[in-house]
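The values are calculated or read from the model by the stated rules, or taken from the named source; none is laboratory data. If you're wondering where the values come from, they're calculated on a predicted model, not measured in any experiment. Every residue, glycine among them, receives a Cβ derived from its backbone with ideal geometry; neighbour counts consider all protein chains shown. Just so you know, the surface numbers come from the protein's heavy atoms only, side chains and all, with ligands and any DNA or RNA stripped out. Shrake-Rupley method; radii C 1.70, N 1.55, O 1.52, S 1.80 Å.
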Amino acid sequence: MNQAFHSSNAFPLRPSACPGLLRIVPALDGGICRVKLQRGELSATQALAIADAIDEHASGIVDLTNRANLQLRGVKRGHENALIAALLGAALGPRDAAHAHADDVRNVMTSPAAGCDAHALYDTTALAAELLSLLQSDARCAALSPKFALLLDGGERLMMLDHPHDIWCSALHPRDHAEPMFALGLAGCPPVLEGHPAALAAVPASELVALTRALLHTFLDLAAPDHTRMRDLLAKQSVESVLARAERESGVRLLRGQSIQSWRREPADASRRFGAWQQRDAHRDKQRWHIGGQPALGRVNSATLRRLALLTKEQGATLRMTPWQSVLLTDIGTANLDATLQTLDALGLATTTDNPLTRVIACAGSTGCVKSLADTKADAVKLAARLPDNTRVHLSGCPRSCAAAQCAPFTMLAAQNGRYDLYHTHDPRESTGFGRLLARGLTIDEAADLLNASAAPPFDEPFDA
Ligand code: SF4
């Protein structure tokens, strides 16, 4: 398969290099089919359908992505239509031809623990569904780049805050306002530390969808053909002019002022993706938990996916993918905690931060991608065996950096087979590129020596805060 495979004319698609459920793109190890999941959620029935479909039509391997989606690898030539039909039959992908562009719209990023995080300020579940429906139903949104991204943050403790988004909204504390409000920003992330770019304004939750529609239309009205992201537009137009136009179009009055400018988001805690955490819905006799585990390098096979589906079913749980390429089971009863954790452990999913494989990420590498100069997946496993505590590394086969949505504290960029250039940054949000070049052409052992020798501060904090 040298060219992207497009599903039948029943689902017309625009040209794009990005994989989707209906657009299977070629790779070294076969086709890649990307399945977008609303809020990262996958029902047990859907998980079983995917497990069966990848055994029959692909390599039996699924990568969990950093936008909480799934990427099915190794789709066999001639099996594309059958795979697509199996996925559509499991109610994955666009619901009909009229919504084919929904396959290209990014999911709205929320907390994987949305609706159950004990520290959330706002349950974003319904609002996220409305925003996604807007993106998928508004005919004008079909013109957005597939990379145009929205973040809806309910103030959960388990939240990915460092992926830059074209539009981001973050719940404000209810004690400070008469009605639920969201802080708002463009082309960036919610501010956590002093020095992070401040929120631009705040908007009532009841008017968030109307304002977002107006912001999307404003972007589409003003963006030049080569402007695919909000940052491109803001390089030419002032933020104020974009906001003012959206205000006029929507009739929504934004709240501005010192209290919004000085607002900082409570730090999140990415370690809550591991192990068991109490949910908010606690009655003493009905306490429930969310439990997380991370597969090595974000990859699972069909057998693991099948077992996760059965576990979800047995426990009456919900299975969600996370932007850390891990899984979260919600609504687990106290009586089933230990058994669930044991099952995840038995499946090889890390449920604590002790496992060094939880601190490395790697792209497909030379076994799956023709652009890769090294076998990043195998090298990441080797490196993990010698990785010092608190050190997190991204191995990338080329500068495209598919595995990381933002700069990692340490990046190893493949230079040739088995050799890497090592980069470091203290502030992934502020870095351009991969940060400062520390050394060129290192073997895995040389990189491990250097990482161990450096008096590394605890890089986890700024990276996930
Ligand atoms: S980062 Fe480069 S080498 Fe790795 S999967 Fe992406 S395109 Fe391929």
Using Cα pairs under 8 angstrom and six or more residues apart, how large is the relative contact order of the range 45-87, in percent? 40
Can you run phi through the Karplus equation (6.51, -1.76, 1.60; θ = phi - 60°) for the range 197-202 and list ³J(HN,Hα) in whole Hz, with x for Gly and Pro? x, 6, 4, 8, 6, 9
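Restricting everything to alpha-carbon atoms, can you work out Rg to Rh for the range 289-353 with a Kirkwood hydrodynamic radius? Before the final figure, lay out the partial values.
On the way: Rg = 10.6 Å, Rh = 11.6 Å.
So for the range 289-353, dividing Rg by the Kirkwood Rh gives 0.92.
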Along the range 171-180, what does the Karplus equation 6.51 cos²θ - 1.76 cosθ + 1.60 (θ = phi - 60°) give for ³J(HN,Hα), rounded to whole Hz, x for Gly and Pro? 4, 8, 5, x, 5, 8, 9, 6, 9, x
Per Stokes-Einstein, at 20 °C and 1.002 mPa s, what whole-number D in µm² s⁻¹ belongs to the range 323-390, with the Kirkwood radius over Cα pairs as the hydrodynamic radius? 151
Any idea how far the Cα center of the range 158-197 sits from the one of the range 385-413, in Å? 26
Per residue, how much accessible surface does the chain expose to a 1.4 Å probe? Answer in Å², no decimals. 41
Would you mind computing the Rg to Rh ratio of the range 110-193 from its alpha-carbon coordinates, Kirkwood style for Rh? 0.98
Determine the share of the chain's accessible area contributed by carbon and sulfur atoms, expressed in whole percent, with a 1.4 angstrom probe. 50
Roughly what would the spin-label model give for Gln342 and Lys371, points 7 Å off Cα along C-beta, in nm? 4.5
Please list, or write none, the lysines whose alpha carbon is within less than 21 Å of the alpha carbon of Lys236, excluding same-chain residues fewer than 8 places away. Lys147
Please list, or write none, the lysines whose alpha carbon is within less than 19 Å of the alpha carbon of Lys313, excluding same-chain residues fewer than 8 places away. Lys286
Low-density loop cleavage sites - trypsin sites (Lys or Arg not before Pro) in the range 167-256, where at most 12 other Cβ are within 10 Å (DSSP): Lys236, Arg253
With the Cα gyration tensor of the range 139-178 in hand, give its eigenvalues times 5 under a square root as the equivalent ellipsoid semi-axes, listed largest first in whole angstrom. 26, 14, 7
The range 5-99: C-alpha gyration tensor shape, a/c 1.5 cut-off, then a/b vs b/c: rounded
Loop-only check: which GluC sites (Glu not before Pro) in the range 116-197 are DSSP coil with at most 10 other Cβ within 10 angstrom? Glu194
Please compute the alpha carbon radius of gyration of the range 357-464, then divide it by the globular-protein estimate 2.2 N^0.38 Å. Two decimals is fine. 0.94
Per-residue SASA entry for Asp138, accessible area with 1.4 Å probe, Å² rounded to 10: 30
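I'd like the trypsin sites (Lys or Arg not before Pro) in the range 54-85 restricted to DSSP loop residues with at most 16 other Cβ atoms within 10 Å, sorted by number.
Lys76, Arg77
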Can you list the aspartates and glutamates whose alpha carbon sits under 14 Å from that of Lys36, skipping same-chain ones fewer than 8 residues off? Asp63, Asp103, Asp104
Would you check the accessible area of Ile84, probe 1.4 Å, heavy atoms only, in square angstrom rounded to 10? 10
Using amide H atoms built in the peptide plane, which far-off residues or other-chain residues are under 5 Å from Leu395 H to H? Ile361, Ala362, Cys363, Met412
Once you compute Rg and the Kirkwood Rh from C-alpha atoms, what is the Rg to Rh ratio for the chain? 0.95
